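Notes follow the structure.
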Amino acid sequence: MRLVGLNVHPLKSGAVRPVEAATVLPGGLQDDRSWMLVDGDGRLVSAREAHATFRIVADTPATDPRVSHALRLRAPGVEDLLLGRPDGHPVPVRLFSLDLRAIPVPEADAWIAAVLGRPDVRLVWCHDPARRVLQPGYSQPGDHTSFADSFPVTLASLSSLRRLDDWIAERALELGEEQPGPLPVERFRANLVVDGEEPFAEDDWTGLQVGAVRFRVAKPTSRCVMTTIDPATLTTAREPIRTLARHRRVGGKTMFAVHLVPEAGGRIQVGDAVRAS
């Protein structure tokens, strides 16, 4: 088994940023989901309700060495925005049911409003990810992350995706629908993409060694409607949730990929050997 893809998402719900190598920190890949959009009440604004966030390309020096600022934002029809590291006072923000704190970036307000057409949306930065406690029962003391949905790192398997593509094609044939093309793995916004194992072998893993870095498997990843949004066209469809609900429903949730927690820091790169336990 090998690491065949490596992705960082500096802005939560922003464009996927593929990289060849990444630094693993206790809270996840460096700069992954360190920035987030919130509404006037401080609640997360994601691609679920604002599909156009998928078109915001956020880069840091970790995703593009040519970036000399803390964050560079790009989007169609507007000039690039370069931002330094915020130094304001933390304010309350809400990530699903979690009450967190983050530093607002008012310099980005006008840019975000121009891109999303929503003057109430603002950018915030996670200044202290170690303050966030992860889900009890699936984590250990000291585990933490920034603005990821639940755990620091997500891993997807290409062999599992190929099986899912087969199921989707079979379902379309049963219903007399047009045969769909393969789903891009980017739909699942995984940090690590591996290949070389049996489909859904990850269901039985408890640990993972990627290069020299060890991860603990926390739990399977439940999928939501974001996987049904095409990042290129911003249109929605029934797949893959329809087929996952048929083949991968557990406890009322649809499952694809697994959540990981780093057990130590280090450097990983595409092509690294991957060993599961």
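Structure summary
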{"item": "Candidates G142, G14, G211: whichever shows maximal mean-square fluctuation once the chain is modelled as a Gaussian network with Cα springs under 10 Å", "result": "G142"}
{"item": "Radius 12 Å from Cβ of R66, net charge of other residues (Lys, Arg +1; Asp, Glu -1)", "result": "-2"}
{"item": "Where labels lie 7 Å past Cα in the beta-carbon direction, separation of E186 and D64 in nm", "result": "1.4 nm"}
{"item": "Per-pair calculated FRET efficiency, R0 = 35 Å: V270 and E178 via Cβ, rounded to 0.05", "result": "0.55"}
{"item": "Theoretical gain in end-to-end length, R85 to D41 [0.36 nm per residue, Cα-Cα removed]", "result": "13.5 nm"}
{"item": "Within the chain, percent of DSSP bridges classed antiparallel, to nearest 5", "result": "90 percent"}
{"item": "HN-Hα J in Hz across segment 145-159 - Karplus 6.51, -1.76, 1.60, θ = phi - 60°, x for Gly and Pro", "result": "6, 8, 9, 4, 3, 8, 9, x, 9, 10, 10, 10, 10, 5, 5"}
{"item": "Total formal charge among the other residues, if their Cβ is under 14 angstrom from that of D87, Lys/Arg +1 and Asp/Glu -1", "result": "-1"}
{"item": "Using θ = phi - 60° and Karplus 6.51 cos²θ - 1.76 cosθ + 1.60, couplings along segment 217-231 (whole Hz; Gly, Pro as x)", "result": "7, 7, 5, x, 9, 7, 9, 10, 5, 4, 6, 8, 8, 7, x"}
{"item": "Net +/- balance of residues flanking D31 in space, Cβ distance below 11 Å, scoring K and R +1, D and E -1", "result": "-1"}
{"item": "Residue exposure sequence - R162, R275, R171, R66 - by fewest surrounding Cβ within 10 Å", "result": "R66, R275, R162, R171"}
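Every read-out reported here was derived from the displayed coordinates using simple, explicitly stated rules and does not represent laboratory data. Small disclaimer: the values here were computed from a predicted structure and weren't measured. Glycine also receives a Cβ, built like all others from the backbone with ideal geometry; neighbour counts cover every protein chain displayed.
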